[in-house]
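Participant: The structure's right below; bear with me while I get my questions together.
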Amino acid sequence: MDALLDGLDEAQLAAATTLDGPVRIIAGAGAGKTRTVTRRIAHACTSGAWDASRVLAVTFSVKAAAEMRVRLSSLGVGDQVRAATFHSAALHQLRRVWLDVCDAPFPRLIEDSHDTTVRAMRRVGLIDELDDVTVGAVRDEINWAKISLVAPSEVQRVAAASERCRPAGMEPARFANVYEAYELEKTACGEMDFDDILLMMCHVLSDFEEAAAQVRHSIGWLTVDEYQDVSPLQHRLMRLWLGDNRNVCVVGDPAQTIYSFAGASSYDLLAFADEFKPLAADISLDTDYRSSPQIVRYANKVLAASPVRHEYLRLQSARQNGQRIARTVYDTDAEEARGVALRIARLVQAGEDPADCAILTRINAQQAIYCSALRAQGLHYRVRGDSSPAPMADLDAAQNIAMVEMLRQRSQAEDNATARKLGRVTVSTIHAAKGLEFKHVFVIGCSEGLIPYGSSQDHDALEEERRLMYVAITRAETTLHMSYARSKDGIGAQRRFLSRFLS
């Protein structure tokens, strides 16, 4: 057997050796997903089953793509296999075929479309509504509409059937006008946003036969990571990339779908078996090599109460018995912050590295008080919040996308290395911690109104909050501490109660 397959468990080995036809891998938290996928690609290429120059692996973040490239390089195929984000891969393809399909200059990529949104709102007469909150809401809703394949002409139909397309309370008809003006503004200025990269590539693959054939020939084997986060637009691009090709492997976990607000859906992962039947393999990786049995049982319990629990894997831990889950109730937010910081300080005094500790919050606003409490204990920290990517200014994306990704990867690597060298505690939102793992995890604010957030009783929103709790729990390797405060400051009459997900 190929040495590249050494150390894989039975399920991982089945995934890594099924090389032709459609393959679905449902990979639970800590189940060795990246290890399995990269070993599968390396084995297929080194054995001669695949032509490495025609292999494309796509994922959703620059960080995940960089990790995949590093893994593939260590396995000897990193210089040939393409591992990239959806946007980076599509941008490269678009640049390559642009002169064959269009006489106009290649558009300038704008990462932050705030100014374009402002111009669009002015164009339709919304002069008095240009505050940052409204502009941001309109910009985000345009982004959602585009990745959901909702054109301006379809806005009112979608709004009638859902709560979407009403940013900042705007009437759907008015939003449709702004959306249309936004597209006109970009065209007039020779600009494109990130969504346009995928939309234009879809257009090329749909309407330009020769260019489409060229692109499809370059993709003999396609792997899509984090498939539970795919948007309708990304799914459409994936299908157009494939054409009649059935050599596709998708990897994901329905229980880690936490970006529905941004257009992501686990529907395509769950429906893959019907869409691509018959499958060559349908494999579940349900052994968690990261977390202790106590943590895994706790995570399973959260999902077991779900009305759609049949969609989720039940994990089993490969580790020996660990410590029990700690649950603490504090009187106030300040006491909770001090208590958590003190627990971390005691861990450090016992010889633990602060970089192995993480405090996970539901929202950015919870983080400041924990940073103060850590400072009071003499502990350094770094903060990871929910935010958009760093701006790329006026870089020509067609010429500089590779450099931008390299700089981002270097920045992330340096940040991680510095955090470990200096012994920084990580203070992160749960969303920003997805894909990370820590020896000691403190999930704070585990009360109704925080997790689940707000007072919504909508089924889909509640289920997303349940999955968010699951993601938070499964970041922990060895110890997990759950806590909440009965009130904000001990003065108000409002009292908090334990999250329904933990009761």
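Here's the yes/no breakdown for (1) part of a helix (DSSP H, G or I); (2) among the charged types (D, E, K, R); (3) open to solvent by 40 Å² or more (accessible area, probe 1.4 Å):
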site	(1), (2), (3)
Asp79	no, yes, yes
Ala84	no, no, no
His87	yes, no, yes
His92	yes, no, yes
Leu99	yes, no, yes
Pro105	no, no, yes
Thr117	yes, no, no
Asp128	yes, yes, yes
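Participant: While we're here: Any idea which of Leu436, Leu502 is of a type in the set (A, V, I, L, M), part of a loop (DSSP other than H, G, I, E, B) and closer than 18 Å to Asn364 by Cβ?
Facilitator: Leu436
Participant: Would segment 299-313 turn up any residue that is closer than 30 Å to Gly490 by Cα and in a helix (DSSP H, G or I)?
Facilitator: The answer is yes; a qualifying residue exists.
Participant: Name the residues in segment 441-493 that are among the charged types (D, E, K, R) and over 19 Å from the mean Cα position of the chain (by Cα), would you?
Facilitator: The answer is Glu448, Asp458, Glu477, Arg486, Lys488, Asp489.
Participant: Looking at Val302, Val329, which one is of a type in the set (Val, Ile, Thr) and surrounded by fewer than 19 Cβ atoms within 10 Å (Cβ to Cβ)?
Facilitator: Val329
Participant: Now a separate question. Restricting segment 269-286 to residues that are under 21 Å from Leu468 (Cα atoms) and either in contact with a Pro (Cβ under 8 Å, 6 or more places away or on another chain) or modelled with pLDDT under 95 (or both), which is surrounded by the most Cβ atoms within 10 Å (Cβ to Cβ)?
Facilitator: Leu269
Participant: Quick one: which of Asn143, Asn177 is in a helix (DSSP H, G or I) and within 27 Å of Gln256 (Cα to Cα)?
Facilitator: Asn143
Participant: Got a sec? Which of Ile451, Ile473 is open to solvent by less than 20 Å² (accessible area, probe 1.4 Å) and at pLDDT below 95?
Facilitator: Matching residue, one of Ile451, Ile473: Ile451.
Participant: Still on this structure: I want to confirm something. Restricting to segment 148-163 and keeping residues that are part of a helix (DSSP H, G or I) and touching a Pro at 6+ places or on another chain (Cβ under 7 Å), which single residue is surrounded by the most Cβ atoms within 10 Å (Cβ to Cβ)?
Facilitator: Here the residue is Val155.
Participant: Select from segment 23-49 the residues that are farther than 24 Å from Leu436 by Cβ and surrounded by fewer than 22 Cβ atoms within 10 Å (Cβ to Cβ) and list them in ascending order.
Facilitator: Correct list: Thr46, Ser47, Gly48, Ala49.
Participant: Among Ser73, Ser53, which is the only one that is outside any loop (DSSP other than H, G, I, E, B), at pLDDT 95 or above and open to solvent by 30 Å² or more (accessible area, probe 1.4 Å)?
Facilitator: Unique residue meeting the criteria: Ser53.
Participant: Conditions: (1) open to solvent by less than 10 Å² (accessible area, probe 1.4 Å); (2) modelled with pLDDT of 95 or more; (3) under 18 Å from Gly252 (Cα atoms). Thr59 meets all but one. Number of the miss?
Facilitator: The failed condition is (2).
The values are calculated or read from the model by the stated rules, or taken from the named source; none is laboratory data. Here the structure is a predicted model, which means the values were calculated and not measured. Cβ coordinates were reconstructed from backbone atoms using ideal geometry, including for glycine residues, and neighbour counts include every protein chain displayed. Areas reflect the complete protein model, heavy atoms only, side chains present, ligands, DNA and RNA absent. Shrake-Rupley method; radii C 1.70, N 1.55, O 1.52, S 1.80 Å.
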